[in-house]
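K.L.:
Starting off with a structure, shown below.
Derivation of every value follows stated rules applied to the coordinates shown; laboratory data play no part. Not measured: the values here are computed from a predicted model. Ideal geometry is used to build each Cβ from the backbone, glycine not excepted, and the neighbour counts take in all protein chains shown.
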Amino acid sequence: MSLITQIDQDIKLAMLAKQADRLQGLRAIKSALLLAKTEKGAADELTEDAEIKVLQKLVKQRKESADIYKEQNRDDLYQVEIAEMLVIEEYLPQQMSKFEIEGYLEELIGRIGATSVKDMGRVMGMASKELAGKADGKTISEVVKQLLG
């Protein structure tokens, strides 16, 4: 079942259960997927990787907005962003823990022979490709700096 079909079904369930917060998050996902699907040069169907990238972008936007609202003491808006983010994260693959990321990166660094921070670009390129959807780029970058630094 495609993600958009799953989202449509979940929207119906959220409407029946009168879950306004969940409904808002699901509609944001559907809107972003439809927009990505109709972009110039896009294929008829989104690949799973493309869907994951759209969802990751939505989560990142919600996190950034929530941080801004928290700084401005706007708890009402902060809660809305966090609620939407949690709904969106349900549709992403399970994220790796920092410990798992460290283990993977240590193995990768050994495999490609990286020895210093100068090799960070090579490590980041491969790690970002191999961990797409499973780990946040910011976390990967922090761990690579720590291991090579």
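K.L.:
With an 8 Å Cα cut-off and a minimum separation of 6 or more residues, compute the relative contact order for segment 32-149 in percent.
P.N.:
This gives 22 percent for segment 32-149.
K.L.:
Treating only the Cβ atoms of Lys and Arg (+1) and Asp and Glu (-1) as charged, compute the dipole magnitude of the chain about its Cα centre; round to the nearest 20 debye.
P.N.:
280 debye
K.L.:
Now, a different point. Taking K and R as +1 and D and E as -1, what net charge do the other residues with C-beta under 15 Å from the C-beta of D136 add up to?
P.N.:
+3
K.L.:
While we're on this one: Name the trypsin sites (Lys or Arg not before Pro) in segment 46-104 that are in a loop by DSSP and that have at most 16 other C-beta atoms within 10 Å, would you?
P.N.:
Answer by residue number: R74.
K.L.:
Tabulate in residue order the Karplus-calculated ³J(HN,Hα) for segment 65-77, using 6.51 cos²θ - 1.76 cosθ + 1.60 with θ = phi - 60°, rounded to whole Hz; enter x for Gly and Pro.
P.N.:
Per residue, the Karplus-derived 3J(HN,Hα) values read 5, 4, 4, 5, 5, 5, 4, 8, 6, 9, 4, 4, 6 Hz.
K.L.:
Holding the Cα-Cα limit at 23 Å, pick out from K98/K134; K12/K138; K53/K98 the pairs that are longer than that.
P.N.:
Among K98/K134; K12/K138; K53/K98, the Cα-Cα distance tops 23 Å for K12/K138.
K.L.:
GluC sites (Glu not before Pro) within segment 44-87: which are DSSP loop residues with at most 16 other Cβ atoms inside 10 Å?
P.N.:
Taking segment 44-87 and a limit of 16 other Cβ atoms within 10 Å, the loop GluC sites (Glu not before Pro) found are E45.
K.L.:
If segment 3-89 were replaced by its equivalent ellipsoid, with semi-axes equal to the square roots of 5 times the Cα gyration tensor eigenvalues, what would those be, largest first, whole Å?
P.N.:
Semi-axes, largest first: 24, 18, 8 Å.
K.L.:
If you don't mind, there's one more thing I want to ask. Please determine, in degrees from 0 to 90 and to the nearest 10, the orientation of helix 3-16 with respect to the longest principal axis defined by the Cα atoms of the chain, where the helix direction is its Cα long axis.
P.N.:
40 degrees
K.L.:
More than 18 angstrom separation, counting every C-alpha pair in the chain; what % is that?
P.N.:
65 percent
K.L.:
Return the aspartates and glutamates within reach of K145: Cα separation strictly under 13 angstrom, same-chain partners fewer than 8 residues apart disregarded; answer none if there are no such residues.
P.N.:
E102, E106, D119
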